[in-house]
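Student: Mind looking over this structure? Questions follow.
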Amino acid sequence: MQFPAAQIALIVNGRVEGDSQVSVSSFGKIEEAGQGQLSFLANPKYEDFLYTTAASIVIVNESFELKQAVNATLIRVPDAYTAFATLLGKYQEIMQQQLTGIQQPAYIAGTASYGDNVFIGAFAYLGENVKLGKNCKIYPHVFIGNNTTVGDHCIIHPGVKIYHDTQIGNQVIIHAGSVIGSDGFGFAPQADGSFKKVPQIGNVVIGDQVEIGANATIDRATIGSTLIKSGAKLDNLIQVAHNVEVGHSTVIAAQAGISGSTKIGNGVMIGGQAGIVGHIQLGDGAKVNAQSGVSKSIEAGKAVTGSPAYDYTAALRSQAAARKLPELEKRVKELEALVKQLLSEKV
Amino acid sequence: MQFPAAQIALIVNGRVEGDSQVSVSSFGKIEEAGQGQLSFLANPKYEDFLYTTAASIVIVNESFELKQAVNATLIRVPDAYTAFATLLGKYQEIMQQQLTGIQQPAYIAGTASYGDNVFIGAFAYLGENVKLGKNCKIYPHVFIGNNTTVGDHCIIHPGVKIYHDTQIGNQVIIHAGSVIGSDGFGFAPQADGSFKKVPQIGNVVIGDQVEIGANATIDRATIGSTLIKSGAKLDNLIQVAHNVEVGHSTVIAAQAGISGSTKIGNGVMIGGQAGIVGHIQLGDGAKVNAQSGVSKSIEAGKAVTGSPAYDYTAALRSQAAARKLPELEKRVKELEALVKQLLSEKV
Amino acid sequence: MQFPAAQIALIVNGRVEGDSQVSVSSFGKIEEAGQGQLSFLANPKYEDFLYTTAASIVIVNESFELKQAVNATLIRVPDAYTAFATLLGKYQEIMQQQLTGIQQPAYIAGTASYGDNVFIGAFAYLGENVKLGKNCKIYPHVFIGNNTTVGDHCIIHPGVKIYHDTQIGNQVIIHAGSVIGSDGFGFAPQADGSFKKVPQIGNVVIGDQVEIGANATIDRATIGSTLIKSGAKLDNLIQVAHNVEVGHSTVIAAQAGISGSTKIGNGVMIGGQAGIVGHIQLGDGAKVNAQSGVSKSIEAGKAVTGSPAYDYTAALRSQAAARKLPELEKRVKELEALVKQLLSEKV
């Protein structure tokens, strides 16, 4: 599709400077963009590229002053970066809207149902009593187990596996390869040293506007529900164990893991590769640094780091001191020699 | 399906107190359960919920004394939690038994074979000479490569990928998205700085009653076999490298990784996100704390923590001391000042 | 297939000692190999097995001196291990070459194209405008999104998900379950505490001879490209965030994670479970130890360890000192007592 400058200016509430008939069909960085592409200039250190870029349209700040002539058509807006992001969003929305219909072969159980304007890719699987809202995009190789419900406007990327009885809200995005509702890791030790599986008969409940990255795993509850509340954003390769609760608008970076029954508050930020033990609470707004190992509950608003993790500022101080440890050891050794000398001289 | 109280009492060897005709069809926590659900009371701190629950049946301990009247039918047993877990297990077994037949389209090579009472989901793939035992449940999107054998009563969840020549025992459960038999990470450095692939022509051998979580990866051996012995339980997102051996009834928590050729004994416990270097041994019953980095062999029965990991108790002591390091530094500084003063006064 | 000793000797440029008519069809370790198998002896400590092995053919070093009679046919070469690896490679190449054709059902969009001698497995999905080079092997359940190009001689293992607009070079191997081109983790914080998705409209570009392990995730760029340059080798369960660059012949071990926009040079080695923050540079030949947490750029050729990571040698010294911390604390306490005593005696 082609988008003329005049139409773009309307979307971002901007003012065209140059040829308003010129059109673009895709996006590019200002240092790389070619003809037919739209770019933006927000960071002044990229200004030189503005005068050499082959981009057909460049979005710039209202306040920006040209130092030379430009070939590109400019669109002036209050905030170039925000306007550009808005355009990207609109563009993706349009592309997604166009994706509809059911590719063959797909497996849709007789008791499954779906709303208007859905896309169901080839080799997708909808089990018994699956309910899919309107405008959902179910990519190829997605598995949706029996009795699972998915709200409206959800995007389930290729190869996602959703076990039975899962409940998913509206506008949820799940990236390729993630597994929702696998059995929690529960085994009862037996007298002979072996382990007996504890059946996991709960489910997973996911709120609205949740986004889950690629190849993440969210286990179903032993009994009850593992909860991912509305607005939470989970990155790739994250592990969420059985009966965990993740609060509203909580953000968890890649490869972090949350052990069983831990309750994470709202607006919490968890860094990449952090690990959190089971059966604790993280208060609202708590911050866990990357690679931390959290073994105790954290109060609301507190930040921690380290493995085992504790107060962020104190831990940084200890880490700095640890680097100087060999030197400290040397100083203690010198002191010991001096004190020994003082003691001997005393005699 | 409906299960009347009398039938449930028979299964758990319990005694009905109240209406033995009342029926349930699912399970719930005592604080959440509704009509038609079965719950249990084991922990005395939940006792209040017993008098307000809408559950139709509640399993309680034989010794438990009611303080008020209850609406629910009670089933009294020696140990309420164990009885409840038994019921969950029976329920899942019944559900699994009912799952049989071959959904279309599935790809089953002409030389593949399978036993009685199997389920093969739509879009499942069985390669040449695959042998599947009786009562196996192969979910949609499972790939089973050429010459792989799977024993009896196995459950392979959606999207599991099993490479060629894998051997899997009986009663094995593999969760969605796991990959069994991918190439080990073996590359020979070349004079020009590049790397040449070392072919990985071994396989993976998995014993009986093994359970493997979601999105885990178990690499095939370079030559010979990567072994996961009977009774081992592996959680989600675990990495097992080529030629590793995991012992009987060893338990490995989520996101842990084992490097190549390491031999792990029986009854070992490895915490989440722990990493273990290659070519070492972990003795029977060794314990590795979460997030530890194990760089040396561990004797049988020993526990380690930290990265690099060492003796558990000593490491905890050092971690505690590390937190007080800035304070220790201050004490050394004060000592230095005092000793300097003593030395100067001496003159 | 059967390979007679004479033919094998030709391939590895070796000399047959014994029956040159004897044939093998597979490979085995010298301590385990049976009749019809080929093995090798490179490490002298395995020499005893040479006299007892049931292997039909054993490759040995030219210089090796027999101490007893052997049943196996020997093939003598300058370097037994290298010759054996060469054979494994040839064997796998032959097996791969034989794998051609398109299994049904597969989904191949009308605008997709592919070269000669490809294999496309059942349930594979090729979107619009997908271009596949010659001799590619696309296993079952692979998803290749619209406008993606794949070069010649690539092997894409079962269940790999490649999003739209990805560019993949020649002789690339991607193992099962990996996800290429998922959205980067980009969200703009809003005034109400929620997060708004930043559209990710860039792509992933992968060079030649790259190998990617199982269940890894490589996110597409926000704008521009996430780059994995030629010769890079990535292990299982690795996370590569948006706009990252991974240099030529860089090796990354399992479960490591690279945060957004970080540039990794050529010939870098990154250990398992290491984590690297965003927006930094790792110079050519840098080395990152397993489980390290890299928070600052690393100069070319430097090695680091620890979390947070710093100079390898210094960090090892500090780690060693940390183990003796409780002892150091005791020494300081003793010094304090002595100094106190000296001070009091002075009075």
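Student: For the interface of B with A, what's the total buried accessible surface in square angstrom, probe 1.4 angstrom, rounded to the nearest hundred?
Tutor: On the way: alone 18370 and 18350 Å², together 32130 Å².
By this definition, chains B and A bury close to 4600 Å².
Student: Find the accessible area per residue for chain C; the probe is 1.4 Å, ligands and nucleic acids are left out, and the unit is Å².
Tutor: Values: 13830 Å² over 347 residues.
It amounts to 40 Å² per residue over chain C.
Student: Against the empirical 2.2 N^0.38 Å scaling, what ratio does the C-alpha Rg of the stretch C:204-347 come to? Intermediate values should be presented prior to the final figure.
Tutor: Details: Rg = 21.6 Å, N = 144, 2.2 N^0.38 = 14.5 Å.
Normalised by 2.2 N^0.38 Å, the Cα Rg of the stretch C:204-347 equals 1.48.
Student: Also, I was wondering about something else. In sequence order, what are the phi-derived ³J(HN,Hα) couplings for the stretch B:133-143 according to the Karplus relation 6.51 cos²θ - 1.76 cosθ + 1.60 with θ = phi - 60°, rounded to whole Hz, with x for glycine and proline?
Tutor: These are the phi-based 3J(HN,Hα) values: x, 6, 6, 7, 10, 9, 6, x, 6, 6, 10 Hz.
Student: For the stretch B:197-214, just list the computed ³J(HN,Hα) in residue order, Karplus coefficients 6.51, -1.76 and 1.60, θ = phi - 60°, integers in Hz, with x standing in for Gly and Pro.
Tutor: 4, 8, x, 10, 10, x, 8, 10, 10, 10, x, 8, 6, 7, 10, 10, x, 7
Student: Could I ask something else about it? Just counting partner chain Cβ atoms within 10 Å, what average do the residues of peptide C:220-233 show around their Cβ?
Tutor: Across C:220-233, the average partner-chain Cβ count within 10 Å equals 3.
Student: Collect residues whose amide H, placed 1.01 Å from N in the peptide plane, falls under 5 Å from the amide H of C:Ile155; neighbours closer than 5 in sequence don't count.
Tutor: Placed amide hydrogens put C:Lys137, C:Val172, C:Ile173, C:Ile174 under 5 Å from C:Ile155.
Student: Then there is this: Could you order C:Lys229, C:Lys137, B:Lys346, B:Lys45 so the one with the most accessible surface comes first? Probe is 1.4 Å.
Tutor: B:Lys45, B:Lys346, C:Lys229, C:Lys137
Student: A further question follows. What gaps in nm, shortest first, separate B:Glu62 from its twins in the other copies when you place the label 7 Å past Cα toward the beta carbon?
Tutor: 8.1, 8.1
Student: Then there's this: Give the dimensionless ratio obtained when the Cα radius of gyration of the protein assembly as shown is divided by 2.2 N^0.38 Å.
Tutor: Working it through for the protein assembly as shown, the quotient is 1.01.
Student: Okay, next question. Let me confirm one metric for peptide C:181-189, namely the mean number of other chain beta-carbon atoms within 10 Å of its residues' beta-carbons.
Tutor: Numbers: counts 4, 11, 10, 3, 12, 2, 5, 3, 3.
The mean count of partner-chain Cβ atoms within 10 Å per residue comes to 6.
Student: Quick one: compute the contact order of the stretch B:3-97, relative version, from alpha carbon pairs under 8 angstrom and 6+ residues apart, as a percent.
Tutor: Reported as a whole number, the value is 27 percent.
Student: Between the label point of B:Asp19 and that of the same position in each other copy, find the distances and list them shortest first in nm, with every label point placed 7 Å from Cα along the Cα-to-C-beta direction.
Tutor: For B:Asp19, the inter-copy label distances come out at 8.1, 8.2 nm.
Student: Cα centroids of the stretch A:55-89 and the stretch B:267-311: how far apart, whole angstrom?
Tutor: Cα centroid to Cα centroid, the span is 56 Å.
Student: Now for a separate question. For the stretch A:101-313, give me the percentage of DSSP beta bridges that are antiparallel, rounded to the nearest 5 percent.
Tutor: Approximately 10 percent, going by the DSSP bridge assignments.
Student: Additional query: What are the label-to-label distances in nm, one decimal and shortest first, from B:Glu93 to the same spot in the other copies, with labels 7 Å along Cα to Cβ?
Tutor: 5.4, 5.5
Student: Might you work out the accessible area of B:Val150 for me, using a 1.4 Å probe with all protein chains in place, and round it to the nearest 10 Å²?
Tutor: Around 10 Å² of this residue is reachable by solvent.
Student: Greater than 22 Å separation of Cα atoms is the criterion. Which listed pairs, A:Lys333/C:Lys302; A:Lys90/C:Lys263; A:Lys161/A:Lys263; C:Lys131/C:Lys161, meet it? Don't skip to the end; give the middle numbers.
Tutor: Values: A:Lys333/C:Lys302 31 Å; A:Lys90/C:Lys263 30 Å; A:Lys161/A:Lys263 24 Å; C:Lys131/C:Lys161 15 Å.
A:Lys333/C:Lys302; A:Lys90/C:Lys263; A:Lys161/A:Lys263, as the Cα separations exceed 22 Å there.
Student: Let me ask something else about it. How much of C:Phe84 can a 1.4 Å solvent probe reach, expressed as accessible area in Å² and rounded to 10?
Tutor: 10
Student: Let me ask something else about it. As an exercise, find the ratio Rg/Rh for the stretch A:75-231 from alpha-carbon atoms, using the Kirkwood inverse-distance average for Rh.
Tutor: Reported Rg/Rh, Kirkwood definition of Rh: 1.09.
Student: A further question on this structure: Restricting to Cα atoms and excluding each atom paired with itself, what does the Kirkwood estimate give for chain A in Å?
Tutor: Working: mean 1/r = 0.0416 Å⁻¹.
Hydrodynamic radius (Kirkwood, Cα pairs) of chain A is 24.1 Å.
Student: Could you please put C:His248, C:His279 in sequence from largest to smallest accessible area, using a 1.4 Å probe? Could the numbers behind the result be given before it?
Tutor: Values: C:His248 85, C:His279 140 Å².
The ordering from most to least exposed comes out as C:His279, C:His248.
Student: Any idea of A:Asp311's accessible area? Nearest 10 Å², probe 1.4 Å.
Tutor: The value for A:Asp311 is about 80 Å².
Student: Further question: Return the long-range amide H neighbours of A:Thr250 (sequence gap of 5 or more, or a different chain), with a cut-off of under 5 Å between placed amide H atoms.
Tutor: Counting only residues 5 or more places away or on other chains, the set is A:Ala232, A:Lys233, A:Gly267, A:Val268.
Student: Counting DSSP beta bridges in the protein assembly as shown, what percent are antiparallel, to the nearest 5? Could the numbers behind the result be given before it?
Tutor: On the way: 30 of 237 bridges.
Of all bridge pairs located within the protein assembly as shown, approximately 15 percent are antiparallel.
Student: Take every residue in peptide A:163-171, count the Cβ atoms of other chains within 10 Å of its Cβ, and give the average of those counts. The partial results should precede the final answer.
Tutor: On the way: counts 6, 1, 1, 0, 0, 0, 0, 0, 1.
If you average over the peptide's residues, the count of other-chain Cβ atoms is 1.
Student: Here is a follow-up. Give me P(r) over the stretch A:1-98, computed from all C-alpha to C-alpha distances, binned every 10 Å, as integer percentages.
Tutor: All Cα pairs considered, the percentages come to 17, 56, 24, 3, 0.
Student: Nearest-5 percent of antiparallel DSSP beta bridges in the stretch B:3-97? Spell out each step's value before the answer.
Tutor: Numbers: 5 of 16 bridges.
So the antiparallel bridges amount to about 30 percent of the total.
Student: Name the long-range amide H neighbours of A:Ala290: under 5 Å, sequence gap of 5 or more, or other chain; modelled H, no Pro or chain starts.
Tutor: A:Gly271, A:Gly272
Student: Also: Over 5 Å intervals from 0, what percent of Cα-Cα pairs in the stretch A:167-280 sits in each interval?
Tutor: For the stretch A:167-280, the binned pair fractions read 3, 13, 22, 27, 18, 8, 5, 3, 1, 0 percent.
Student: Dipole of chain A, Cα-centred, from +1 at each Lys and Arg C-beta and -1 at each Asp and Glu C-beta, to the nearest 20 debye?
Tutor: So the magnitude is around 880 debye.
Student: Roughly speaking, what is the centre-to-centre gap between the stretch B:316-343 and the stretch C:111-163 when only Cα atoms are used, to the nearest Å?
Tutor: One Cα centre to the other: 64 Å.
Student: Related question: Quick one: Karplus J couplings for the stretch C:24-40, per residue in order, coefficients 6.51, -1.76, 1.60, θ = phi - 60°, nearest Hz, x for Gly and Pro?
Tutor: Each residue of the stretch C:24-40 in turn: 10, 10, 7, 10, x, 5, 4, 7, 10, 4, x, 4, x, 10, 9, 9, 8 Hz.
The values are calculated or read from the model by the stated rules, or taken from the named source; none is laboratory data. On a predicted model such as this, the values are computed, not experimentally measured, just so you know. Here the Cβ is made from the backbone with ideal geometry for all residues, glycine too, and neighbour counts use every protein chain on show. For accessibility, only protein heavy atoms count, side chains too; no ligands or nucleic acids. Shrake-Rupley method; radii C 1.70, N 1.55, O 1.52, S 1.80 Å.
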